[in-house]
1. Keeping to segment 21-32, report how many residues are among the hydrophobic types (A, V, I, L, M, F, W, C) and in a strand (DSSP E or B).
2. Does Ala32 count as more than 11 Å from ligand 1 (Cβ to nearest atom) and surrounded by 14 or more Cβ atoms within 10 Å (Cβ to Cβ)?
3. Just one of Arg161, Arg123 is more than 20 Å from Cys18 (Cβ to Cβ), basic (Lys, Arg) and loosely packed, with under 15 Cβ neighbours inside 10 Å; which is it?
4. I'm checking my understanding of the structure. Among residues of segment 33-59 that are in a strand (DSSP E or B) and more than 6 Å from ligand 2 (Cβ to nearest atom), which one is farthest from Gly21 (Cα to Cα)?
5. Hey, among the residues in segment 130-159 that are of a type in the set (Gly, Ala, Ser) and in a strand (DSSP E or B), which one's farthest from Val90 (Cα to Cα)?
6. Which of the residues that make up segment 55-97 are within 13 Å of ligand 1 (Cβ to nearest atom) and aliphatic (A, V, I, L, M)?
7. If a residue has to be of a type in the set (Phe, Trp, Tyr) and over 23 Å from Asn78 (Cβ atoms) to count, how many in segment 103-149 make the cut?
8. Could you list, in sequence order, all residues of segment 128-141 that are touching a residue at least 40 places away in the same chain (Cβ under 8 Å) and out of contact with any Ser or Thr (no Cβ under 7 Å at 6 or more places or on another chain)?
Amino acid sequence: MELFFKSSSRECQPCTACCDGWVQIAVNGYRAYPGHPCPQSTGAGCDDYEHRPFDPCVKFICGWRADGSPLPEWMKPNNSKVIVLFNESVWNGMPVDVGIPVGKRIPPRALNWLQQFAESHGRALLHSEQIVENGVYTNRQAVCAFGPPEFQQEMAERASRGESFV
Ligand code: SF4
Ligand code: SF4
């Protein structure tokens with residue numbers, strides 16, 4: 001299945017999931033990460049939308065906003081609590097998608113949808129859970145692999161060596 005990365009007619013607001021640091025970004029030198037949102041985020045939009053920087057704000061398009069996105073309306077990140085990035089890498093010719101929670105973990109309904117989508121379209125999925133220490137989000141995630149057993153095994157081996165997944 002081919003997926004495109006141009007922006008669609010779908011609008012971000014009131015979602016601010018990427019602005020709020022669930023995808024770790026740097027905006028004008030400010031690092032946003034879980035629990036540490038961009039200072040321009042109101043939680044329902046950007047308070048200086050007209051002047052937002054091109055990189056990452058205009059440039060970043062999550063899987064829900066991508067043109068031709070297979071994600072249904074309810075999978076908008078502020079509602080589903082997952083940010084999906086399609087085609088983040090390729091494993092043995094198989095496209096690998098990534099699901100990042102908006103919050104500690106991806107809710108079961110959204111995770112089931114992603115797993116069924118991966119299974120029925122011959123794709124692999126990496127999905128993460130945010131690591132919380134002493135009640136505070138760290139900027140680290142525990143990653144799980146979904147897909148063929150060999151893919152899961154390879155990702156587990158990479159994790160044990162402290163290597164990146166994508
Ligand atoms: S996560 Fe997607 S829909 Fe939400 S603000 Fe970012 S690009 Fe827009
Ligand atoms: S500047 Fe605006 S669009 Fe960019 S990350 Fe911050 S709140 Fe989001």
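The values are calculated or read from the model by the stated rules, or taken from the named source; none is laboratory data. The shown structure was predicted, so the numbers you read here are calculated from the model rather than taken from an experiment. All Cβ positions, even for glycine, are placed from backbone atoms using ideal geometry, and neighbour counts span all protein chains on display.
1. Total satisfying the criteria: 4.
2. On the way: more than 11 Å from ligand 1 (Cβ to nearest atom): yes; surrounded by 14 or more Cβ atoms within 10 Å (Cβ to Cβ): yes.
So Ala32 passes the test.
3. Arg161 is the lone residue from the list that is more than 20 Å from Cys18 (Cβ to Cβ), basic (Lys, Arg) and loosely packed, with under 15 Cβ neighbours inside 10 Å.
4. Ranking the qualifying residues of segment 33-59, first place goes to His36.
5. That would be Ala142.
6. The answer is Val58, Ile61, Ala66, Leu71, Met75, Val82, Ile83, Val84, Leu85.
7. So the count comes out to 1.
8. Within segment 128-141, Gln130, Val136, Tyr137, Thr138, Asn139 qualify.
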